[in-house]
1. Cα-based Rg (one decimal) and Dmax (whole number) for region B:4-63, in Å?
2. If the reach is capped at under 29 angstrom between alpha carbons, list the lysines near B:Lys145, excluding any in the same chain fewer than eight residues apart.
3. Once you place label points 7 Å from the Cα toward the Cβ at A:Ile133 and A:Asp41, how far apart are they in nm?
4. Short version: what are the Cα gyration tensor semi-axes of region A:327-421, square root of 5 times each eigenvalue, largest first, in whole Å?
5. What whole-number value in cubic angstrom gives the convex hull volume per residue for the C-alpha atoms of region A:18-229?
6. Mind checking region A:194-239 for GluC sites (Glu not before Pro) that DSSP puts in a loop (not H, G, I, E or B) and that have at most 13 other Cβ atoms within 10 Å?
7. Count the DSSP beta bridges whose two residues both fall in chain A, then state the antiparallel fraction as a percent rounded to the nearest 5.
8. Could you identify which residue out of A:Ile30, A:Ile42, A:Ile385 has the top mean-square fluctuation in a GNM of chain A using Cα springs shorter than 10 Å?
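Derivation of every value follows stated rules applied to the coordinates shown; laboratory data play no part. Treat the numbers as computed from the prediction; the structure is a model and nothing was measured. Ideal geometry is used to build each Cβ from the backbone, glycine not excepted, and the neighbour counts take in all protein chains shown.
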Amino acid sequence: MYPQVLFQNRKPDRIATLEEYRKSGGYEAITESLKNRSHKDIQEILLESDLLGRGGAAFPAGRKIMTVSDDAPYPRYVICNADEMEPGTFKDRVLIHADPHMLIEGMLIAGYAARAEKGIIFIRPEYENAARILEREIGLAEEAGFLGENILGSDYSFSIDVHRSGGRYICGEVTAQLNALEGKRPNPKQPPPYPTEKGLWGKPTVTQNVETLCCMPHILRNGAQWFKDLALTEAGAGTKIYCVSGKVNRPGCYELPMGVKLSEIIEEHAGGMKNGAEFKACLPGGASTRFLSREHYHIPMDFNSLREAGHRLGTAAIMVFDEDTCMVAATLNLLEFFARESCGWCTPCREGVPYLKDLMWRIEHGQGEEKFLSMLRKQSKYLWISYCAFAPGAMSPVEGLLNDFEDEVMAHIRQKRCPFKGGE
Amino acid sequence: MLPTEIKESLTRRIETASHPPELAVDVMFAIQDHYGWLTDEAMEEAGAILGMDPLKLEELATFYTFLYREPVGKYVIHLCDSVICWMDGYESLRDHIARKLGIGMGETTPDGLFTLLPVCCIGYCDRSPAMLINKKVYGFLTPEKIDAIFEKLRTEAQSTERGTAEAPHE
Ligand SMILES: Cc1cc2nc3c(=O)[nH]c(=O)nc-3n(C[C@H](O)[C@H](O)[C@H](O)COP(=O)(O)O)c2cc1C
Ligand code: SF4
Ligand code: FES
């Protein structure tokens, strides 16, 4: 059993209470920090810990907070990104249901480090339960003096609101989320200015993922080196919540050291392949990552190892496919998702994703031609010139398909039908 | 017309908000809860309460998955069609529901009880295949389970009045 840090208070049937969180050392980090550490100290510790953003982009959390300059105007905001709409990803929901005060303390720490006075949790409407839990626990934290004016007798004040989204995938993207909060249509906005300079209502805003924030109290309590040492690999740091779904016996969230091998996650933690099937591929970090094929079955699952292999860890939502799953049909499903969720703001994405989807539909339905391969490759390239990171994400599975499963695509084209739909 | 209690409680929230537009979606949700969907009148009222141009609100109402600018049934079924649920039988469940209710995707039963809509991954892939009904999650779906859920909702609808939809919970 590996050390459980973020899940140390997780129970099968209920939420950890404020008392339980405190008993496990909760709110010590912020209490100690308000007494003995400056906001600069906290930034330094976070930077040194190598904590990378868990929301998909892997940006160093310490560095992000440091970009809020000392003379930046007030009010400043900390936003917790609990939109979690990346297909396959459900770790943030599980974290909130397990130990909500860990997230509240994480926001307090990020808030203190950025000298922000207002926190907002942006949450998807499907997570109404989580939103209610948070509202209730925020109230309890206020009563206990951890939120509000002059926290624990210091000169620091911080409050947290829960903001419910109307529900669209693009709202998870930082700049689109700012528009959503301001009551505007949530199209992304290209920097500069960066949100840490001019974010919500034009004021400095730090946005972090739920899991990133949850790591912060532990780092401050136990030190940056301790956090780095949790990982199995040199380049990794911390633990990671891997959320596994698809053709495994025990889908769910597993907290494991960063850098644990993919094969170990599947075989030991997620209970192995369903019905003894054979592993064909997985998406390692949500729908916006590339298929990892059998060739990478033993790859260490950290940001660096995946990047070196030409992949991305994304949100570490591992979606597992077995040998009976058609990769063309799976890619078609992913493209249907992206085509539906494109915000429609820029042409390469709005027009390009449905075009890819249409080609993929024809291949899957026996109408493919050999020239479609080069058409797919060419069109995929255009998606790189889109306005935000959504479209490059949308083409990741397509790229993976063409790279590692070209023979499957060709089989569809030659046989003029889906070879997986044979003897049904 | 919105009942005065709803209008007043929303107005109070707006008055104490530092940035009223932050409440745009909340206000539309509250008004939608009352009418069942966002009628033209509802959009005007939301605009008046928020002090926002109804056209700006229209941009939101037509964008978000959970705001309905067209009539929907008492129970809105959002069946997840993303990749994990798809692998675990989305298509046959969709066909089962369509047969059972006699409606296609995007349609409402003639008795006004059920609307069937597709939705992308709802974050319950560990319980796939999954769906939401009025934002309440149902996982590990089978045709039998779905039949039982519909049956229960039908009975519930007979015994409760319109507009008292069950609060979402897990
Ligand atoms: C289309 C799109 C959707 C995204 N959705 C989410 C999301 O649901 N949750 C999240 O934390 N980050 C999401 N991100 C990443 C955010 O833009 C951002 O990098 C992240 O919230 C920053 O927090 P972190 O540094 O702690 O990861 C998304 C990005 C894109 C391009
Ligand atoms: S890439 Fe897609 S999601 Fe991003 S701005 Fe363009 S249309 Fe919108
Ligand atoms: S794919 Fe259906 S809940 Fe995630």
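1. 10.4, 29
2. Cα-Cα hits under 29 Å: A:Lys11, A:Lys91, A:Lys247, A:Lys274, A:Lys421, B:Lys74, B:Lys100, B:Lys135, B:Lys136.
3. 3.2
4. Numbers: eigenvalues 106, 29, 23 Å².
For region A:327-421, the semi-axes come out at 23, 12, 11 Å.
5. Numbers: hull volume 24.0 nm³, N = 212.
It is 113 Å³ per residue.
6. Details: sites: A:Glu197, A:Glu211, A:Glu234; in loops: A:Glu197, A:Glu234.
Here the GluC sites (Glu not before Pro) that fit, given the DSSP loop and packing criteria, are A:Glu234.
7. 45
8. A:Ile385
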